[in-house]
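All remarks here apply to the structure that follows.
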Amino acid sequence: MNQHAKLRIGHSACPHDCPSTCALDVELLGPDRIGRIHGAKANSYTAGVVCAKVARYADRVHHPDRLLKPLVRAGAKGDGQWKEASWEAALDLVAEKFEAAEEKYGSETVWPYFYAGTMGLVQRDGIERLRHSKKYSGFFGSICTNLAWTGWMMGTGALRGVDPREMAKSDCVVIWGTNAVVTQVNVMTHAIRARKERGAKIVAIDIYENATVKQADMGLVLKPGTDGALACAVMHVLFRDGHADRAYLEKYTDDPKGLEAHLATRTPQWAAAITGLSVEEIEAFARLIGTTKKTFFRLGYGFSRQRNGSVNMHAALSVAAVTGCWQYEGGGAFHSNSGVLKFNTDVLEGTRLRDPKIRYLDHSRIGPVLVGREDALYGGPPVTAMLIQNTNPANVAPEQRLVKQGFLREDLFTCVHEQFMTDTAKLADVVLPATMFLEHDDIYKGGGNQHVTLGPKLIDPPEGPRTNHFVIEELAKRLGVADMPGFGLTERQHIDIMLGKKGLGNFDTFRQERWADLQPAFEEAHFLNGFGHKDKKFRFRPDWTGQAAPNKPPASMGVFGPYDRLPQFPDHIDLIEVADAEHPFRLATSPARNFLNSSFSETPVSKSKEGRPQLLIHPEDAAALSIVDSDRVEIGNTRGEVVLHATLFAGVRRGVVIAEGVWPNSAHERGEGINVLTGSDAPAPYGGAAVHDSKVWVRPAT
Ligand SMILES: Nc1nc2c(c(=O)[nH]1)N[C@H]1C(S)=C(S)[C@@H](COP(=O)(O)OP(=O)(O)OC[C@H]3O[C@@H](n4cnc5c(=O)[nH]c(N)nc54)[C@H](O)[C@@H]3O)O[C@H]1N2
Ligand SMILES: Nc1nc2c(c(=O)[nH]1)N[C@H]1C(S)=C(S)[C@@H](COP(=O)(O)OP(=O)(O)OC[C@H]3O[C@@H](n4cnc5c(=O)[nH]c(N)nc54)[C@H](O)[C@@H]3O)O[C@H]1N2
Ligand code: SF4
Ligand SMILES: [Mo]
């Protein structure tokens, strides 16, 4: 008998922080063991494809270094000495410390800190219930999506777009500022289908020749933070050459005449000087999209991670409005469907318990928060107690030296609930072991497609790890809030409630269906009934500080950054860290193929495929600095310095250096990671993290 015939397959969803949220078929080898993971063929977005790192997930879930026991710090902070504790004792200690902190400084001194290490709604967001019930400080989760979503919302007024599967029906797919081959492979499935079946052209716009640019028919490699200039010049050409759809503009947009006048000086020559592209490249790109009605703009996150990122996102999005490609099947733009995948999470998050007077703190500014900067604390008490789930801020948050200095404070108590001994867990007072997605129930939705997918528990966890839900419920009991609304339910009950409110059945019925496809109808997705603003128009003139957006900071936080410098129309604006004599290079920290943020850096295959922290540098820049391939190089700025190994690469521009992947701090000499160099200042207007926007110097390491 064929061995495969005996294989049991379980159905799940990828929990990782990736726009694709793949539907998974998991080989079940026993009650607590999995084999390979495959993409579900029956899911029209996943289409049978998953990335290599999740295909070999057995290496992660059955990893020998998984945390299995609660640990309590037994030496100085960060010195690696722990003693094991029972769950009871560890949770008692956490509750005791939280109560003591609250007694001294008030409830806002406790800061629950969580992110998207799991995208499961129950396991990720249940911590909000604890925070609302206890009036702990709020968490303004800004690090990933803020710059991008803000730019998108300014134009369309709604966080949704053309069905990403429609890419397969395009004649031109523009992959703008996302390294899709690496970060969301499923985009390529649909784009390449268009190329195979219809001869579609694929354009990739990035700041170096990454894996996606290499697969493209046209690759535009521009200087970091200059996409707004490219977009303006392209629109200039579209108007100039009669490729602007004036009837569409008149009907669907706010001020096409004002835009055209504004663009008069934004010539290809003007943009060439800013972007480093040639006039011919800009003209050729404009001609291609001007003459191809079915052009699909797939706008990514990467190009928004600059201090002018929201402006650049809005500018790129504006191009689609000028050609009017939104009207055609296979045409238009897509960034995220998060706006249509919303669930009512009031019970799960304890929304009714929320006290609007409680302050919020900025996720991305954890460094300034923890070192007690007044502007970061919003007039409230210092943070002296934290519960951290699903994120690794000591590694991924900007301005790492501040973050670490903060975690080392003697008067800060930190509990980290984790799967591995991460850089953050190493600095904690209590570490609790967490289950992985295959070991607990949850439900997932991915911004990069249109499905909501169930991820039921498929295998038993090892002895020790517990779910996030368990930790929240147990702490609630110890902190005296377990009888408040929303507590005392199981994961499945929460899923039942959320599915029920959305009219999608319950856990059991959904388990049969596996997922639901919530893509809005064609007219709505293409904004043919009008855009999301009150006047239904696409806005070339954004209301930078007035737009209601899913990611707008709560009123108590005000508006961020130099918002008064944001332009009236799409434009290039020098809000970036412009290189100068002391810092002649611009650094971007683009993603590594085999890591996912701070995850997977523990699995042996990912580690060996990535090698070691490398700095991609142009051979001529290297020669000018007497650096040869594989040399140790030090890069630095006013925030600190980091050592990596040089890789000479002609696919990066002169004056730009790329460090791929957020390696564990310990993978670098001196134990300091790449985020030592990134800034924690909040970009305008709604914050975020400009992790690809740092000026640095580069020199041979001594
Ligand atoms: N393998 C892998 N997959 C991932 C991740 C990962 O770390 N590794 N991270 C996951 C997460 S959390 C997210 S949010 C998504 C993000 O996925 P993406 O949308 O792809 O965003 P980034 O990974 O930030 O960067 C994408 C590209 O933007 C480029 N870039 C940087 N600055 C500029 C610029 O100014 N202009 C232009 N045109 N390009 C620029 C970078 O060089 C990079 O190639 O991916 C997810 N998937
Ligand atoms: N320099 C630089 N910095 C960056 C970026 C960059 O491109 N460059 N990207 C930024 C972006 S876009 C993002 S989203 C952030 C993300 O950075 P992180 O939030 O650190 O991202 P992840 O690696 O997704 O997940 C973090 C942790 O969640 C844990 N985890 C997973 N599932 C569970 C669970 O069920 N329970 C518990 N308790 N823990 C779990 C994992 O073990 C992992 O250690 O990094 C940002 N930082
Ligand atoms: S592509 Fe993204 S969603 Fe799909 S399996 Fe890989 S990490 Fe998960
Ligand atoms: Mo992200």
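List of remarks:
- Inter-site label distance for Ala555 and Arg246 at 7 Å from Cα along Cβ, in nm: 4.5
- Using Cβ point charges alone (K and R +1, D and E -1), the dipole size of the range 3-61 about the Cα centre works out to roughly 180 debye.
- 13 Å beta-carbon shell around Pro619, net charge (K/R +1, D/E -1): -2
- The stretch between Lys534 and Lys6 holds 184.4 nm of extra length on full extension. This uses 0.36 nm per residue minus the Cα-Cα distance.
- Net charge dipole size for the range 529-675 [Lys, Arg +1 and Asp, Glu -1 on Cβ; Debye, nearest 20]: 840
- When the listed pairs Lys83/Lys134; Lys196/Lys294; Lys257/Lys293; Lys293/Lys502; Lys69/Lys457 are checked against a 26 Å cut-off, the alpha-carbon distance exceeds it for Lys83/Lys134; Lys293/Lys502.
- Helix axis angle, 468-478 relative to the chain longest principal axis, alpha carbon, degrees: 50
- For the range 368-442: rounded, prolate or oblate by the Cα gyration tensor [a/c cutoff 1.5]: prolate
- Taking a ≥ b ≥ c as the square roots of the eigenvalues of the Cα gyration tensor, the range 3-61 is oblate, since a/c reaches 1.5 or more and a/b is not larger than b/c.
- Rounded FRET efficiency, nearest 0.05, which uses the C-beta distance separating Ala521 from Glu669 and R0 of 60 Å: 0.65
- Remark on Ala385: its backbone amide H falls under 5 Å from those of Trp111, Phe413, a criterion applied only to residues 5 or more positions apart or on other chains, H modelled at 1.01 Å from N.
- Entries in Lys77/Lys477; Lys445/Lys534; Lys41/Lys445 that, when Cα-Cα distance is taken, lie over 23 Å: Lys77/Lys477; Lys445/Lys534
- The antiparallel fraction among DSSP beta bridges confined to the range 585-700 stands at about 70%.
- Working note: Karplus 6.51/-1.76/1.60 with θ = phi - 60° gives the range 90-101 the couplings 5, 5, 4, 5, 4, 4, 4, 5, 5, 5, 5, 4 Hz, where Gly and Pro are set to x.
- The range 585-700 shape via C-alpha gyration tensor axes, a/c threshold 1.5: oblate
- Rounded Å value of the spacing that divides the Cα centres of the range 65-129 and the range 169-184: 40
- In summary, the aspartates and glutamates within cross-link reach of Lys609, defined as a Cα separation below 17 angstrom excluding same-chain residues under 8 places away, comprise Asp59, Glu660.
- Close amide H contacts of Ile9 (hydrogens built in the peptide plane, cut-off under 5 Å, sequence separation of 5 or more or a different chain): Leu28.
A short reminder: the numbers here are calculations on the coordinates, not readings from a lab. All figures in this text were calculated on a predicted structure; none of them were measured in a lab. No Cβ is skipped: glycine too gets one built from the backbone with ideal geometry, and neighbour counts run over all protein chains shown.
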